[in-house]
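As structure tokens, the structure follows; a few thoughts come after it.
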Amino acid sequence: MSEHVLIERRGAVQVIRLNRPEKKNAITRAMYAAMAEALKAGDGDGGVRCHVLLGQPGAFSSGNDLADFLAVATGGEGGQEVYDFLLALAGATKPLVSGVDGIAVGIGTTIHMHCDLTFATPATVFSTPFVDLGLVPEAGSSLLSPAVMGHQRAFALLALGEGLPAHEARMAGLIHAVVDADALEASVFSSAEALAAKPPEALKIARDLLRGPRDQVVARIREEGEHFRTRLKSDEARAAFMAFMNRKTS
Ligand code: COA
């Protein structure tokens, strides 16, 4: 449970909405735990046929909470909630539809590589400044994104840290469609409800065939995670987190 993640049922669609607008939907450990719990509960509930992931106007998510990263970098605990969430996401048995407006940083971008249909507004920019933060790609993105967009575009996104505006993300195959902000939720729910109305067994087989074996993705999430945990405690990462924390005072 987290006040910063709102879970709602709309018919056979389960809606998971990030709700921490004052921090641009930066995701805390409690938020990861709440999202993992919702995905697992929805997957186990015969009444749920589709998951929807949404953020707030102007911010899908600014990525992992950097204060949580700094806590780990300076000797604290953390990481299990993220890992549990990534396993629930990669292993989700029902279709995932997402809607994005504005900021989509780090996991706020890589989460959509696990979605089946993503809609984004023209104001959206996807970005993953992992290397600039002294970190490495996560969420299976080092495997999934080259497969979707080829090595060079994936490298520009994940290693160079170049932002990918919505229209380019659509051309690259990262997302399904670009829609105006006032049509975002209607587009998301129209597709989610259409999926929810389809014969569920046939849809599940079709989705499994299209997504391919999950074990490779899970193995990559684990491999990335090992590097990520080590990198979090590196001098490079600690300096980057401190610079962010101090940026308004320095
Ligand atoms: N973790 C923790 N807090 C965050 C955050 C994050 N990832 N992203 C934003 N916030 C907080 C800011 O500290 C600020 O809090 P404050 O009002 O208490 O000072 C608030 O959210 C608003 O952010 P702000 O930076 O003022 O908004 P902006 O529109 O100028 O910039 C971003 C938005 C997303 C570009 C900028 O906040 C940013 O670069 N965030 C870090 C993104 C990141 O590196 N994520 C990790 C990826 S692995």
### Count of residues meeting criterion [within 18 Å of residue 100 (Cα to Cα), open to solvent by less than 80 Å² (accessible area, probe 1.4 Å) and within 16 Å of the ligand (Cβ to nearest atom)] in the stretch 5-31
9
### Query
So is residue 46 within 16 Å of the ligand (Cβ to nearest atom) and surrounded by fewer than 19 Cβ atoms within 10 Å (Cβ to Cβ) or not?
no
### Query
Which residue out of 243, 196, 237 is in contact (Cβ under 8 Å) with a residue 12 or more places away in the chain, within 16 Å of the ligand (Cβ to nearest atom) and open to solvent by less than 90 Å² (accessible area, probe 1.4 Å)?
237
### Task
Hey, could you check the stretch 79-93 for residues that are in contact (Cβ under 8 Å) with a residue 60 or more places away in the chain and part of a loop (DSSP other than H, G, I, E, B) and say which is nearest to the chain's Cα centre (by Cα)?
91
### Message
With the structure loaded, tell me whether residue 99 is within 12 Å of the ligand (Cβ to nearest atom) and either open to solvent by less than 10 Å² (accessible area, probe 1.4 Å) or acidic (Asp, Glu) (or both) or whether it fails that test.
### Response
no
### Query
Among the numbered criteria (1) within 16 Å of the ligand (Cβ to nearest atom); (2) touching a helix residue (DSSP H, G or I) at 6+ places or on another chain (Cβ under 6 Å); (3) not in a helix (DSSP H, G or I), which single criterion is violated by residue 145?
(3)
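The values are calculated or read from the model by the stated rules, or taken from the named source; none is laboratory data. Here the structure is a predicted model, which means the values were calculated and not measured. FYI the Cβ positions are ideal-geometry reconstructions off the backbone, even for glycines, and counts take in every protein chain you see. All accessible areas refer to the heavy atoms of the entire protein, side chains included, with ligands and DNA or RNA removed. Shrake-Rupley method; radii C 1.70, N 1.55, O 1.52, S 1.80 Å.
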